[in-house]
1. Given the options Lys131, Lys115, Lys123, name the one that is under 26 Å from the mean Cα position of the chain (by Cα) and among the basic types (Lys, Arg).
2. Considering only the stretch 1-56, state which residues are at pLDDT below 80, of a type in the set (S, T, N, Q) and either open to solvent by 100 Å² or more (accessible area, probe 1.4 Å) or closer than 16 Å to Gly80 by Cα (or both).
3. Restricting the search to the stretch 20-49, which residues are outside any helix (DSSP H, G or I), polar (S, T, N, Q) and without any contact (Cβ under 8 Å) to a residue 40 or more places away in the chain?
4. Looking only at the stretch 82-108, which residues are assigned to a loop (DSSP other than H, G, I, E, B), open to solvent by 50 Å² or more (accessible area, probe 1.4 Å) and not polar (S, T, N, Q)?
5. Could you grab me the full set of residues in the stretch 114-129 that are touching a residue at least 12 places away in the same chain (Cβ under 8 Å) and either touching a Pro at 6+ places or on another chain (Cβ under 7 Å) or among the basic types (Lys, Arg) (or both)?
6. Which members of the stretch 110-132 meet the condition of being out of contact with any strand residue (DSSP E or B) (no Cβ under 7 Å at 6 or more places or on another chain) and either surrounded by 14 or more Cβ atoms within 10 Å (Cβ to Cβ) or outside any loop (DSSP other than H, G, I, E, B) (or both)?
Amino acid sequence: NDLPNSPYADLVLDREFDHIANLFQRDCCLVLGFSHHSPLTKVVSVGALSLPILMKASRIMPGKSEWSSGTELPVEIDLGKDLKFHSIFACPVSRDQSTDDNPPMILPCGHVLCKVSIDRLPKGSSSSKFKCPYCPSQQTLAHCKQIWF
């Protein structure tokens, strides 16, 4: 009840609390290695950096449709250190990193394992049921689907 006389009274004022909460969030994210910006901010930033370069590339290479159907762009776009990401999936069963030959697969129960680990789970034929390593639900290989990060 003696908050107005406390040396920390400034910290609970509405105008100061928002600023302190933002500082705390930024520092916490920094310690944990996360971004303190929202995903929407990241997407808009990447778009703002990339769009002029892509527009210029489309003017320079008119009618060249082969680059628009691939998975890579024909130009290098420097996004800076803060906007570089590389998603990696490591299978929780085998501890192997996913590759094109061993992609991540989602089970009907929602758990994700790599293809090689899922292929090893059924006993007998590939059409037999197997138990998810993380929950009691029964699965079949036919119901597992590849996912992309």
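1. On the way: Lys131 fails: under 26 Å from the mean Cα position of the chain (by Cα); Lys123 fails: under 26 Å from the mean Cα position of the chain (by Cα).
Checking each option against the conditions leaves just Lys115.
2. Asn1, Ser35
3. Within the stretch 20-49, just Ser38 meets the criteria.
4. Answer for the stretch 82-108, where residues must be assigned to a loop (DSSP other than H, G, I, E, B), open to solvent by 50 Å² or more (accessible area, probe 1.4 Å) and not polar (S, T, N, Q): Lys84, Phe85, His86, Ile88, Val93, Arg95, Asp96, Asp100, Asp101, Pro108.
5. Cys114, Lys115, Ser128, listed by residue number.
6. His111, Val116, Ser117, Asp119, Arg120
The values are calculated or read from the model by the stated rules, or taken from the named source; none is laboratory data. Note that the coordinates shown come from a computational prediction; the quantities given were computed from them, not determined experimentally. Neighbour counts run over all protein chains shown; Cβ positions are idealised from the backbone, glycine included. Each accessible area value is taken on the protein alone, full model and side chains, heavy atoms only, with ligands, DNA and RNA left out. Shrake-Rupley method; radii C 1.70, N 1.55, O 1.52, S 1.80 Å.
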